[in-house]
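Input: a single structure, listed below in structure tokens.
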Amino acid sequence: MVSSPVEAAAEIRQPERPRAGALRWRRRIAPLVLLVLGIGAAAGSWQLKLGTLHHPAPGLWPFIISVAIILSAGALVVRPGDEPLEAWGRKSVSIAAAVASLGAFVVLFERIGFFVPAVLMLLLWLRVFGRESWRWTVVFALAGPAVLYIIFDRLLGVPFPADLALGAFV
């Protein structure tokens with residue numbers, strides 16, 4: 001039997017914590033992945049040619065962003081921090097799915113054009129990730145890419161790749 005609150009507090013078992021070394025290693029996994037991705041992106045943008053600040057080539061800004069990712073990830077690998085790690089769960093899976101959908105958008109954009117991948121992306125993001133109603137999801141998923149196409153391709157003259165869906169109408 002416990003006779004005082006101090007003894008009661010002493011008897012409460014603290015949950016076992018992983019060793020500090022194991023925590024430090026787990027904190028370095030995500031920055032290492034970002035570091036590798038940043039190096040890959042920098043190599044890819046270097047192949048696009050950088051140009052100069054006055055006459056930038058297609059690879060300049062992706063290269064600058066890649067270097068920023070490399071430096072940030074490198075700093076986090078060296079000094080990972082002591083904040084508690086967020087547990088993996090449903091939110092983590094949805095973030096991974098969102099990143100994968102961005103990759104799919106890029107691949108589809110290059111293969112079939114802008115409109116269909118943009119509609120599919122907005123359907124996914126608005127309905128699944130944003131939990132919007134079907135009515136608003138369909139309206140925005142169809143109107144959004146159409147408005148963006150008109151603004152960028154027609155008004156600003158930014159060339160989009162040949163589009164399978166818009167090719168029938170334009």
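Computed from the coordinates by the stated procedures, all read-outs in this text should not be read as laboratory data. Here the structure is a predicted model, which is why all the values come from computation and not from measurement. Here Cβ is always computed from backbone atoms with ideal geometry, including for glycine, and neighbour counts include all displayed protein chains.
Quick notes on this structure:
- Segment LEU120-SER72, extension gain: residue separation times 0.36 nm, minus the distance between their alpha carbons: 14.1 nm
- Simple spin-label estimate for TRP61 and ARG131 gives 3.4 nm between the two label positions (7 Å along the Cα-to-Cβ direction from each Cα).
- At R0 = 22 Å, FRET efficiency that the Cβ-Cβ distance of ALA104 and ILE151 yields, to 0.05: 0.40
- Out of every Cα-Cα pair that segment 24-170 contains, those further apart than 17 angstrom amount to 74 percent.
- Legend: calculated FRET efficiency, TRP46 to ARG111, from the Cβ-Cβ distance at R0 = 30 Å, rounded to 0.05, equals 0.80.
- Taking only Cα atoms of segment 88-169, radius of gyration then Dmax in Å: 14.0, 46
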